[in-house]
Amino acid sequence: MSSTIKFKLSFMMFLEFFIWGGWFVTLGTFLSKNLHATEFEKANVFSTQSLGAIIAPFIVGMIADRYFNAERILGVLHLVGAVLMYQMYGAADMSTFYPYVLAYMILYMPTLALTSSVSFRQLTNPEKQFSGIRIWGTIGWIIAGLVISYFWDAKASEGALKNTFLLSGIASLVLGIFSFALPKTPPVKLDEGEKPSFASIIGLDAIKLLKDKNFLIFFVSSVLICIPLAFYYSNANPFLSEIGLENATGKMTIGQASEVLFLLALPVFFTKFGFKKTILVGMLAWVIRYLLFAYGNAGELSFMLIIGIALHGICYDFFFVSGQIYTDSKAGVKYKSAAQGLITLATYGVGQLIGFWVAGYVGDKYKDLKTTDLAGFWNHTWVVPAIIAAVVFFIFLALFKDEKVDNAKAAH
């Protein structure tokens, strides 16, 4: 892989996650303070991410794997996304905001699989090389969080958080244009005489991977672990802000900084301990993180909150990035994009859709407690995902049989 291609892939990842981190982290706070959304309205907005992820395999499998270059589809989706971001920036109420965020997420979520697909097609040894590309996405997320924290977070009560949508819209426009300069990633040609099935045309051919028992267990575990993940996305920023942790959005970037460190450590850990142990460490980190949130505070126990935030690197890298590598190793040459789309459906789609609904239900169930015992409200809110993550940990530990993951031969 040449230095030029490495730069292009790295810049693509930087912008991809700068765009997401530029508005999604503070979305819960924005919805509460700017649009005065209820718990269920917030759950519905966050669920648009999941709906987009559920649709993603159809878009990716139908277009990127069969008919058009992945980098061109990536460019078109981000250009349209920039327009939708501008509309979200100008929305004054929930009824106006929701249709735009729904349309945006339906277009954005497929780009996560497309960026992975474009990257994997250029790598000769994804197990060792992908983390070096993906790390720039984390850096993009960190910089987005620092920009928000410095310019707008302190002024959240004044409605300044709506500027996050303008920031991400500009970045989406840049990536939309830049995508057309990415390495060409054409569809993989069918073997002579092979005709595409209906399942392959709509991107469902990767479902055949579920016949592999290990992959099926991984798929189900991915769905389940994303239920507690949804609690973090929808509640972390409002939680830290409401209990009085100073510069909450800025401190949340500690999580992405740890992600950088653990991305660098991942190839070594992955090679030495294998896929199963790597995934289990990631799951266990979710349990510990939520317990730290449940029993920490912004005073003398604030260190528990900081440690909980810092665990994000293990939580995310050791499960999701390892999962992408594992999925790529299972997919084979023809179905790389569809397979990445399938795992996007499992994680950001089905799992988090359930998770956002559960988080909304839990928030609504204890909402009366919030006015009389804020610490008690958040304790109940975080104990629930800790229990769910612990259950998934033991399911995966018991049922998944360890296996060697070798991507090098299937890189192209």
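The table for this structure:
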{"item": "Residue selected from the stretch 80-108 under the condition under 20 Å from the mean Cα position of the chain (by Cα) and of a type in the set (Val, Ile, Thr), by the criterion nearest to LEU27 (Cα to Cα)", "result": "VAL101"}
{"item": "Matching entry among VAL147, VAL118 (being open to solvent by less than 10 Å² (accessible area, probe 1.4 Å) and of a type in the set (A, V, I, L, M))", "result": "VAL118"}
{"item": "Verdict on LEU353 being assigned to a helix (DSSP H, G or I) and crowded, with 23+ Cβ neighbours inside 10 Å", "result": "yes"}
{"item": "Total residues in the stretch 7-28, condition part of a helix (DSSP H, G or I), crowded, with 22+ Cβ neighbours inside 10 Å and among the polar types (S, T, N, Q)", "result": "0"}
{"item": "Meets criteria (surrounded by fewer than 21 Cβ atoms within 10 Å (Cβ to Cβ), at pLDDT below 90 and of a type in the set (D, E, K, R)) for LYS330", "result": "yes"}
{"item": "Close pairs from the stretch 2-21: first on the phi < 0 side of the Ramachandran plot, partner open to solvent by 40 Å² or more (accessible area, probe 1.4 Å) and part of a helix (DSSP H, G or I), Cβ under 6 Å, at least 6 apart", "result": "SER10/TRP136; MET13/TRP136; PHE14/TRP136"}
{"item": "Any helices (runs of 4 or more DSSP H) falling wholly within the stretch 35-150 and containing at least 1 residues that are in contact with a helix residue (DSSP H, G or I) (Cβ under 7 Å, 6 or more places away or on another chain) and of a type in the set (Lys, Arg)", "result": "39-59, 70-90"}
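Quick grid of which residues meet (1) assigned to a helix (DSSP H, G or I); (2) without any contact (Cβ under 8 Å) to a residue 12 or more places away in the chain; (3) open to solvent by less than 10 Å² (accessible area, probe 1.4 Å); (4) out of contact with any Phe, Trp or Tyr (no Cβ under 6 Å at 6 or more places or on another chain):
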{"residue": "GLY244", "(1), (2), (3), (4)": "no, no, no, yes"}
{"residue": "LEU266", "(1), (2), (3), (4)": "yes, no, yes, yes"}
{"residue": "THR271", "(1), (2), (3), (4)": "yes, no, no, yes"}
{"residue": "LYS277", "(1), (2), (3), (4)": "yes, no, no, yes"}
{"residue": "GLY282", "(1), (2), (3), (4)": "yes, no, yes, no"}
{"residue": "ARG289", "(1), (2), (3), (4)": "yes, no, yes, yes"}
{"residue": "ALA298", "(1), (2), (3), (4)": "no, no, no, yes"}
{"residue": "LEU305", "(1), (2), (3), (4)": "yes, no, yes, yes"}
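The values are calculated or read from the model by the stated rules, or taken from the named source; none is laboratory data. Computed from a predicted structure; not experimentally measured. Every residue, glycine among them, receives a Cβ derived from its backbone with ideal geometry; neighbour counts consider all protein chains shown. When the accessible area is computed, the model is the full protein with side chains, heavy atoms only, and any ligands, DNA or RNA have been set aside. Shrake-Rupley method; radii C 1.70, N 1.55, O 1.52, S 1.80 Å.
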